[in-house]
Each structure stands twice: as structure tokens, then as C-alpha cells.
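Q: Sharing a structure with you now.
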Amino acid sequence: FLDDLSAFLVAIDDMSDGFKQRADRIQKTLSGRDAAFILVAGPSRESSYNAELFLKHLDRAQAPVEGVVINRMHDWPGASPPRALAAGVVDPRDLDELATLLGDPAAADAAVAAASEHARAALRDYENTRGLWGRATRKNCFFRTVPEQARDIRDLDSLDDMARALFRDSEAASV
């Protein structure tokens with residue numbers, strides 16, 4: 001038994017030397033001039049909070065951060081979602097006009113409900129990620145949002161959608 005245990009410990013010691021050497025090479029690579037981090041997070045409160053903590057950790061480690069990507073963001077056309085719509089407040093005249101255009105009051109109600117729901121999600125994501133956007137801006141990092149997709153990213157068309165979101169002009173990428 002002792003011979004087997006001794007052989008096992010010698011084998012583990014030889015293996016650990018290889019692990020240590022690889023770990024040293026990885027550490028050297030990651031801390032070199034040619035490496036930088038791109039932090040990818042979701043727009044939820046918890047994910048954004050954890051991403052901010054990780055950015056602080058990278059700062060303390062003096063690790064270069066090149067950018068922040070928020071995946072599955074509920075975007076709103078323009079600057080930010082209207083708070084009134086997110087709260088479900090719609091001018092009755094606008095609702096009447098929409099019902100007239102659609103020719104159906106129930107369709108107008110459904111359209112407003114869907115827009116309100118999306119505005120709430122967009123406002124929530126905007127508020128959850130504002131701190132990450134600010135930190136990225138102060139660090140002169142890029143900040144991109146990838147919109148929530150209607151389908152999984154599993155084909156060339158959906159990969160193309162993601163590429164357009166990631167590589168668009170930096171001015172269009174601000175929250």
C-alpha cells in the first residue's frame with residue numbers, strides 16, 4: 001500500500017509541475033501588452049452588479065479592460081424609453097387615434113399593452129446597466145449592447161444580427 005501511495009504522490013507531483021508551468025504561461029499572457037478583457041454581462045440587476053464587481057477586481061489587478069458588452073438588452077428606439085409608457089400611461093386621444101388607424105379598439109389596446117411591456121423591460125435594462133456604461137465611459141472602453149433576439153443565435157442570419165450590434169459605430173452604442 002505504501003509503495004502504491006508513494007508512486008501516486010510522485011506522479012501527482014510531476015503533474016503539478018506541468019500545471020504550474022502552464023498557469024505561469026497563462027498569467028504571463030493575460031498580463032501582457034497584447035491581452036485585454038472584454039466583459040460580457042446580461043442586463044439584469046444581479047448580472048450588472050456582478051459585472052461591476054468584476055470590473056473593480058480587474059482594476060485592482062491592473063488588468064486592461066477594452067470594453068463592456070451587454071447581451072440580451074431590451075433596446076428602445078432613440079435615447080431611452082418613455083417613463084409614462086412604461087407606467088402604462090397613454091393619452092386617451094392617442095389611444096383613440098391608434099384605434100381609428102387600426103380600425104379596432106381591441107387591437108389598439110393590445111398594441112399599447114405590448115409597447116408598455118417592452119418599455120418597462122427597456123427602462124429596467126437601461127437603469128440596471130447605466131452604472132456599467134458610466135464605468136466603461138470613464139475608462140475609455142467601448143460599450144455595446146446586443147438586443148434581445150427573437151430567436152436563438154444558431155444560424156448565419158442571427159450571427160449577422162449580432163455582428164451588426166457589436167461592430168456598429170461607437171456613438172450609436174451609448175446608453
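The values are calculated or read from the model by the stated rules, or taken from the named source; none is laboratory data. The structure presented is a predicted model; accordingly, all values stated were derived computationally and were not measured. When we count neighbours, we look across all protein chains shown, and the Cβ atoms used for this are built from the backbone with ideal geometry, even at glycine. Just so you know, the surface numbers come from the protein's heavy atoms only, side chains and all, with ligands and any DNA or RNA stripped out. Shrake-Rupley method; radii C 1.70, N 1.55, O 1.52, S 1.80 Å.
Q: For a quick check: with amide H placed at 1.01 Å from N, whose amide H comes under 5 Å from N71's, ignoring anything fewer than 5 positions away on the same chain?
A: Those lying under 5 Å, H to H, from N71 are A41, G42, V146.
Q: What net charge do the residues around D59 carry, taking every other residue with its C-beta under 14 Å from that of D59, with Lys and Arg at +1 and Asp and Glu at -1?
A: +3
Q: Among M162, M73, what's the order by accessible area (1.4 angstrom probe), most exposed first?
A: Sorted descending by solvent-accessible area, the residues read M162, M73.
Q: At 222 nm, what value in deg cm²/dmol follows for the chain if DSSP H runs of at least 4 each add -39500 (n - 2.57) and the sum is divided by all its residues, to the nearest 500?
A: -20000 deg cm²/dmol
Q: Let's test the formula: R0 of 35 Å, r as the Cβ-Cβ distance of I38 and R83. What FRET efficiency results, to the nearest 0.05?
A: 0.65
Q: Do any chymotrypsin sites (Phe, Trp or Tyr not before Pro) in segment 1-54 lie in a loop, going by DSSP, with at most 15 other beta-carbon atoms within 10 Å of their beta carbon, and if so which?
A: F1
Q: Given +1 on the Cβ of Lys and Arg, -1 on the Cβ of Asp and Glu, and no further charges, what dipole in debye does segment 32-150 carry about its Cα centre, rounded to the nearest 20?
A: Approximately 900 debye in magnitude.
Q: Once you list every other residue whose beta carbon is under 11 Å from the beta carbon of R83, what net charge do they have if Lys and Arg are +1 and Asp and Glu are -1?
A: Around R83, the charge tally is 0.
Q: In the chain, which helices (entire DSSP H runs) extend 20 Å or more along their own long axis, judged by Cα positions, while averaging at least 1.6 on the Kyte-Doolittle scale?
A: What comes out of the filter, once short or polar helices are dropped, is none.
Q: What is segment 29-175's relative contact order, in percent, from Cα pairs under 8 angstrom and six or more apart in sequence?
A: Value for segment 29-175: 29 percent.
Q: On the protein heavy atoms, probe 1.4 angstrom, tell me the percent of accessible surface of segment 68-175 carried by carbon and sulfur.
A: 54 percent
Q: Let me ask another. Which of L156, A110, A122 sits farthest toward the positive end of the charge dipole of segment 107-162, with +1 on the Cβ of Lys and Arg and -1 on the Cβ of Asp and Glu?
A: It is A122.
Q: Please go through segment 1-108 and write out the trypsin sites (Lys or Arg not before Pro) that DSSP classes as loop and that have at most 12 other C-beta atoms within 10 Å.
A: In loop regions of segment 1-108 (DSSP not H, G, I, E or B), the sparsely surrounded trypsin sites (Lys or Arg not before Pro) are R33.
Q: Residues with beta-carbon under 15 Å from that of D34, excluding D34: net charge, scoring Lys, Arg +1 and Asp, Glu -1?
A: Charge balance in the 15 Å sphere: +2.
Q: Shifting gears a bit: K139: which aspartates and glutamates have alpha carbons under 14 Å from its alpha carbon, excluding same-chain residues fewer than 8 sequence positions away?
A: E52, D59, E66
Q: Note the full-extension length gain between E97 and R45 as 0.36 nm times their separation in residues minus their Cα-Cα distance, in nm to one decimal.
A: Stretched fully, the E97-R45 segment lengthens by 15.1 nm.
Q: First measure r as the distance between the Cβ atoms of E148 and T29, then evaluate 1/(1 + (r/R0)^6) with R0 = 41 Å and state the FRET efficiency to the nearest 0.05.
A: Step by step, r from the Cβ atoms, then E = 0.75.
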